[in-house]
Amino acid sequence: MIEEAVKTFIKVAERGSLSKAAEELFLSSTAVMKQINGLEREIGTALFTRSNRGMALTEAGRSLLRDARFLQEQAAGAAARARAAAEGTRRTVRVGNSLLNPCKRLLDLWNESAADGAPCDCKLQIVPFKDTVEELDEVYHSIGRKFDVMIGSCDIAGYSEMFRVLNLGAYRLCIGVPRGHRLAGKERLTLSDLEGERLVLLKRGMSGVIDAVRRKLQAEYPRIRLEDSPRYYDIGVFNRCEETGELLLTLDAWKDVHPALKTVPVDLDYVVPYGILSPLRPNEAVRAFLSVIENHLR
């Protein structure tokens, strides 16, 4: 059945491995492979390239993954709207949540505003998402589909064309240091401490703040070897630094993301603004929700 095969395809694409997908789906690797092969025959093209490093999407596979995720989100949204209609007039605001973009700050603000007696007939539904480069790219371009609001950085290149921002403050830059590294014992780092080290940071063009940091380091500290991350940080970037001994330009908000990396303040006078990200054209429930938060912050 093509519907089941598409679900299996999404899982293989996310995990990059037949065996890992099979484990999560409670199927054998052979059964997963048969579904993928059958789906490729049905569509008439290869969706993956196979190698001893795993399964990598072809261009056709990436296209199918985008469309399949969109259809899943539409179906989930339709189900949520049906449930909301059955519950009556109380409106639901879907809140995105992930390891690198946790929703705790937003929930705290909501609970504080409720304690202040702010009237609103909205209720919140937490919607988890994964911090993979592929999913984050889709998330930022489609806020309002899978969920309505999330906490995130508002220093993302081109953000004004993707979502609105209600600014809440700023994150401070820090250095993620592997626990066994020579700098792990320090409570604060100077930029001179980083000389001779490899420092992973967001690739050029993704963040105005990080681009400014890059220019400063290249001009004043050429002995710091700068290494590009993928398009966005995901947990794989943290794993990479722990495994290779590289340092990571990170945020104070991520101090608990990876237990093998110690988050150490650094002498950099830069901050990354963050806030509540919402759709460019929010619905009535989201507008009411944001209005309550804005009034609470005044």
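The values are calculated or read from the model by the stated rules, or taken from the named source; none is laboratory data. Keep in mind that what you see is a predicted model, and the values were worked out from it rather than measured. For neighbour counting, all protein chains shown are included, and Cβ atoms are generated from backbone atoms with ideal geometry for every residue, glycine included.
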ask   = For region 107-132, which residues satisfy the criterion of being surrounded by fewer than 17 Cβ atoms within 10 Å (Cβ to Cβ) and in a loop (DSSP other than H, G, I, E, B)?
value = 116, 117, 118, 119, 121, 130
remark   = Across region 211-249, the tally of residues that are touching a helix residue (DSSP H, G or I) at 6+ places or on another chain (Cβ under 8 Å) and assigned to a strand (DSSP E or B) stands at 4
key: Odd one out for residue 154 among (1) out of contact with any Pro (no Cβ under 8 Å at 6 or more places or on another chain); (2) under 16 Å from residue 272 (Cα atoms); (3) at pLDDT below 85; (4) of a type outside the set (Ser, Thr, Tyr)   = (1)
request  = Quickly run through region 69-106 and pick out the residues that are modelled with pLDDT of 80 or more, surrounded by 16 or more Cβ atoms within 10 Å (Cβ to Cβ), outside any loop (DSSP other than H, G, I, E, B) and of a type outside the set (D, E, K, R).
outcome  = 92, 93, 95, 96, 97, 106
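How about region 241-261: which of its residues are more than 26 Å from residue 168 (Cα to Cα) and either surrounded by fewer than 16 Cβ atoms within 10 Å (Cβ to Cβ) or within 16 Å of the chain's Cα centre (by Cα) (or both)?
To start, the set of residues in region 241-261 that are more than 26 Å from residue 168 (Cα to Cα) comprises 241-247, 259-261.
Within region 241-261, 243, 244, 245, 259, 260 meet the criteria.
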remark   = Selection from region 135-149 of residues outside any helix (DSSP H, G or I) and either at negative phi or of a type in the set (Asp, Glu) (or both) yields 142, 143, 145, 146, 147, 148, 149
query = Any residue in region 193-205 that is more than 19 Å from the chain's Cα centre (by Cα), surrounded by fewer than 16 Cβ atoms within 10 Å (Cβ to Cβ) and free of Cβ contacts under 8 Å to residues at least 40 places away in the same chain?
reply = yes
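Working only within region 262-294, note down all residues that are of a type outside the set (Asp, Glu), in a loop (DSSP other than H, G, I, E, B) and surrounded by fewer than 19 Cβ atoms within 10 Å (Cβ to Cβ).
The first filter runs over region 262-294 and keeps only residues of a type outside the set (Asp, Glu), leaving 262-266, 268, 270-283, 285-293.
From what's left, in a loop (DSSP other than H, G, I, E, B): 268, 270, 279-283.
Residues satisfying the conditions are 270, 279, 280, 281, 283.
Listed residues 284, 227; which is assigned by TED's automatic domain parsing to the domain that holds residue 162 and either out of contact with any Gly (no Cβ under 9 Å at 6 or more places or on another chain) or closer than 20 Å to residue 132 by Cα (or both)?
Details: 227 fails: assigned by TED's automatic domain parsing to the domain that holds residue 162.
Result of the check over 284, 227: 284.
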